[in-house]
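Below is one structure, written out as structure tokens, with a few remarks after it.
The values are calculated or read from the model by the stated rules, or taken from the named source; none is laboratory data. Predicted model, so just to flag it, every value in this text is computed and none were measured. Note: ideal-geometry Cβ built from the backbone for every residue, glycine included; neighbour counts use all protein chains shown. When the accessible area is computed, the model is the full protein with side chains, heavy atoms only, and any ligands, DNA or RNA have been set aside. Shrake-Rupley method; radii C 1.70, N 1.55, O 1.52, S 1.80 Å.
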Amino acid sequence: MGVADHSKTTYMELQQKKVYRYVIFKIDEKKKEVVVEKTGSPAESYEDFTASLPENDCRYAVYDFDYVTSENCQKSKIFFIAWSPSISRIRAKMLYATSKERFRRELQGVHYEIQATDPTEMDLDVIRERAN
Amino acid sequence: MAQLAETYACVPSTERGRGILISGDPKSNSILYCNGRSVIIRYLDRPLEVQVYGEHGYPATVARFSPNGEWIASADVSGTVRIWGTRNEFVLKKEFRVLSGRIDDLQWSPDCQRIVASGEGKGTSFVHGSKFITVSSDKKGILYDAKTGDIIGELSSEDGHKGSIYAISWSPDSKLVLTVSADKSAKVWEISEDNIGKVKKTLTCPGSGGVDDMLVGCLWQNDHIVTVSLGGTIFLYSAGDLDKAPLLLSGHMKNINSLAVLKNDPKVILSSSYDGLIVKWVQGIGYYGKLDRKVISQIKCLAAVEEEIVSSGFDNKVWRHSLQGDQCGDAECIDIGNQPKDLSLALLSPNIALVSVETGVVILDGSKVVSTINLGFTVTACAIAPNGTEAIVGGQDGKLHVYSITGDTLKEEAVLEKHRGAITVIRYSPDVSMFASADANREAVVWDSASREVKLKNMLYHTARINCLAWSPDSSMVATGSLDTCVIIYEVDKPASNRITIKGAHLGGVYGLAFADERNVVSSGEDACIRVWTVTPQ
């Protein structure tokens, strides 16, 4: 499974220039590579992000999480989310699971990784707890 | 945000043929007893405030305050003693394995430095100052000198107990002794100078006189005399006025598996436990009496409306009891041919009931079986609409089947597939516009009744099977209770992630849920306690 150049550059734009709040990637089976499906502007919220993920299909996603620490510092951490809902087809889960490592290696600078099999596993509380 | 408003505590666990030990702290006017794996602390002047210590891994047998009131030592059937602080969230001081078997009693030394523990005994004794008394199943009480161990006297057999004496307690001034016995009475003895005990007063247990009235535990603390019966009722007498009728505190001893709220005045909460006990509670007052059903049978499912209670147990029968004011009227028994798995009443015409059995459902009208329908799949839960025209039946496979009811037949209207585990409970909202279902795979779903579309999903925040579900009276909130001991309250118009979670509501799992009003949720569980929570939506 290859990684499209566009996917890499979109990720860099999120990481270095903070152009996006989130990027959602999907595997294009015909071209056999990971492509960008959707991006979200910095104004969008976590709810918008979770709503953009399909309920019964797998995806990879990167989310830029801004928060304030207990010492009142503004911080930002990048989360890589492997979205693999238990109600999705087994074929999809297999495909995304086996290609994850190859794709993940292309993304430098990810702080935390989360694997979610239902919406409660990537709830905002979970993200907040991991960041702190 | 949810806050604990009231706790209706369980009663001590009792066993026939064995006394129980209750102890207390005169300074805080509290008493200690054990139920299952929990140690319960109750404040005699604030009965709705209860604290529970649930850290024992085995059924607890005895708990005692240290003389300075700072620590509690409790022991269980595995021979383990735990010493924990009364303040500061019960922080554990020490835990050790003292005996290899059940510990029957333990005592603190007056300097709070040592504890003595004993196991497997046939008599009980109480040391107080310079004398101690032992009592036993031979109906006698013998006084000993505490220093030498010589027998110095005994409790007179004149007007003595006619049954095994299970427990004994000294009065604070060491002049009087309280004993309780299997003959269902408690006696106060005056110990004279020559160490003979004479009966000063006999307190008979105000009850129906059955086995449950045998007295198994007692405590004399300050001005309070506390006796406990085999049935779990706690009687509070005033030591200064022995003729005054005692205050009765009771509750459940076993897992409370269902709750119902009746809209009478005052609003009564009915709870039933699997041993067949139904208790009435009123907010602000607490224990309001037991419902005497005149029928001794276990209860698995219970449904109640103002005029009657319908219950089913582990046999093939469904019982209908009419409620007349405070008490149960006559009971009608209906044999439906199969063990009932779930029971639902059509609230607007409660003589119509839907009962689910292993492979189908039974429709009842009053005490008549209207029809028994084999549905061809393994049925778990069911619900009937308040007007009796629609029914939803849930299966072991997680599918929800919606049927329309005409007379004695069911016509399948739709099959809803979303759940990934056996359906455990289905409930219509009070305004009938929605219904909610929950399964053994920790998920709950709210559906729109008319379109049968999913209205609220992702209600997946429990970590174990969902046992019970309740709607708020205005149909705006749904509460789910699970084996994972949590109660989660969702607002139907908001996303599931906005839920309010009550963790650790009941040790062992939450089995019953009901809304007392818009802001108060009542929950019950394996720990035989009922708790009322006040909910404030964010």
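Taking only protein heavy atoms and a 1.4 Å probe, what accessible area per residue, in Å², does the stretch B:217-297 have with all protein chains in place?
Per residue, the stretch B:217-297 has an accessible area of 38 Å².
On the accessible surface of chain A, probed at 1.4 Å, how many percent belong to carbon and sulfur atoms?
Answer for chain A: carbon and sulfur cover 48 percent of the accessible area.
Label 7 Å along Cα→Cβ of A:R102; the stretch A:1-25 residues with amide nitrogen under 18 Å?
So the set is A:1-9, A:25.
Using protein chains only and a probe of 1.4 angstrom, how many square angstrom of A:R102 are accessible, to the nearest 10?
90 Å²
With a probe of 1.4 Å, find how much accessible area chain A has per residue, and write the answer as a whole number in Å².
Averaged over the residues of chain A, the accessible area is 54 Å².
Residues of the stretch B:495-515 losing 50 Å² or more of accessible surface, assembly versus chain alone, probe 1.4 Å, please list them.
none
Please name the residues of the stretch A:77-92 whose accessible area, counted over protein heavy atoms with a 1.4 angstrom probe, falls by no less than 30 Å² between the chain alone and the full protein assembly.
Those residues are A:I87.
So what's Rg/Rh here for chain B, counting alpha carbon atoms and using the Kirkwood radius for Rh?
That ratio is 1.04, to two decimals.
How do the peptides A:39-52, A:80-93 rank, highest first, by the average count of neighbouring beta carbon atoms within 10 Å per residue?
So the order, starting with the most tightly packed, is A:80-93, A:39-52.
Mind checking the mean number of beta-carbon atoms from other chains within 10 Å of the Cβ atoms in B:289-299?
Counting Cβ atoms of other protein chains within 10 Å of each residue's Cβ and averaging gives 0.
Between the alpha-carbon centers of the stretch B:394-472 and the stretch B:39-54, tell me the distance in whole angstrom.
Distance between centres, Cα-based: 38 Å.
How big is the C-alpha Rg of chain A next to the rule-of-thumb value 2.2 N^0.38 Å, as a ratio?
Dividing the Cα Rg of chain A by 2.2 N^0.38 Å gives 1.02.
Give the aspartates and glutamates reachable from B:K294 as a straight Cα distance under 16 Å; neighbours fewer than 8 places away on the same chain don't count.
B:D212, B:D275, B:E308, B:D326, B:D330, B:E332
Calculate the length of the line joining the C-alpha centroid of the stretch B:195-252 to that of the stretch A:1-53, in whole Å.
So the separation of the two Cα centres works out to 73 Å.
Averaged over all directions, how much area does the convex hull of the C-alpha atoms of the stretch B:440-486 cover when projected, in nm²?
About 3.5 nm², averaged over all directions.
Long-range amide H contacts for B:E49: which residues qualify at under 5 Å (H placed 1.01 Å from N, peptide plane, sequence gap of 5 or more or a different chain)?
It is B:Y43, by chain and number.
Taking A:K26 as the anchor, which aspartates and glutamates have their alpha carbon closer than 12 Å to its alpha carbon, excluding any fewer than eight residues away along the same chain?
A:E37, A:D57
Taking the alpha-carbon centroid of each part, what is the distance from the stretch A:60-124 to the stretch B:302-363 in angstrom?
Going from one Cα centre to the other spans 51 Å.
What residues have an amide H closer than 5 Å to that of A:K38, excluding those fewer than 5 places away on the same chain, when H is modeled at 1.01 Å from N in the peptide plane?
Result for A:K38 returns A:I24.
Within 10 Å of each Cβ in B:459-466, how many Cβ atoms from other chains are there, averaged over the peptide?
2
Ignoring any ligand, DNA or RNA, what whole percent of the accessible area of chain B comes from carbon and sulfur when the probe is 1.4 angstrom?
48 percent
With a cut-off of at most 16 other beta carbons within 10 Å, and DSSP calling the residue loop, which trypsin sites (Lys or Arg not before Pro) in the stretch B:393-426 qualify? Please list them.
B:K418, B:R420
So which helices of chain A fit the span-like rule, where a helix is a whole DSSP H run, its Cα atoms reach 27 Å or more along the axis, and its mean Kyte-Doolittle is at least 0.5?
What comes out of the filter, once short or polar helices are dropped, is none.
Assign one of three labels to the stretch B:12-68, namely rounded, prolate or oblate, based on the Cα gyration tensor with a ≥ b ≥ c the square roots of its eigenvalues; rounded applies when a/c is under 1.5, prolate when it is not and a/b is larger than b/c, and oblate otherwise.
prolate
What's the total accessible area buried between chains B and A, using a 1.4 Å probe, rounded to the nearest 100 Å²?
700 Å²
Could you pull out the longest piece of chain B with no exposed loop GluC sites (Glu not before Pro) in it, calling a site exposed if DSSP puts it outside H, G, I, E, B and it has at most 14 other Cβ atoms within 10 Å?
For GluC sites (Glu not before Pro) (loop position, at most 14 other Cβ atoms within 10 Å), the longest site-free span of chain B is B:194-305.
Which of the residues in the stretch A:114-132 show a loss of at least 30 Å² in accessible area from their chain by itself to the complete set of protein chains, at a probe of 1.4 Å?
Going by heavy-atom accessible area, the residues of the stretch A:114-132 that drop by at least 30 Å² are A:D118, A:P119, A:T120, A:D123.
Is the C-alpha gyration tensor of the protein assembly as shown telling us rounded, prolate or oblate? Criteria: a/c under 1.5 is rounded; beyond that, a/b larger than b/c is prolate, otherwise oblate.
oblate
Compute the convex hull volume of the Cα atoms of the stretch B:401-532, divide it by the residue count, and report the result per residue in Å³ as a whole number.
115 Å³
Taking one equal scatterer on every alpha-carbon of the stretch B:21-154, how large is log10 of I(q)/I(0) by Debye at q = 0.18 1/Å?
-1.05
Let me confirm one metric for peptide B:393-405, namely the mean number of other chain beta-carbon atoms within 10 Å of its residues' beta-carbons.
Average per residue, whole number: 0.
Modelled label-to-label distance, B:K267 and B:T501, 7 Å Cα→beta-carbon offset: nm?
2.8 nm
I'd like the accessible area for B:F314, computed on protein heavy atoms only with a 1.4 Å probe and all protein chains in place. Round to 10 Å², please.
100 Å²
Enter the accessible area per residue of the stretch B:1-139 (Å², integer; probe 1.4 Å; all protein chains in place).
Value returned for the stretch B:1-139: 49 Å² of accessible area per residue.
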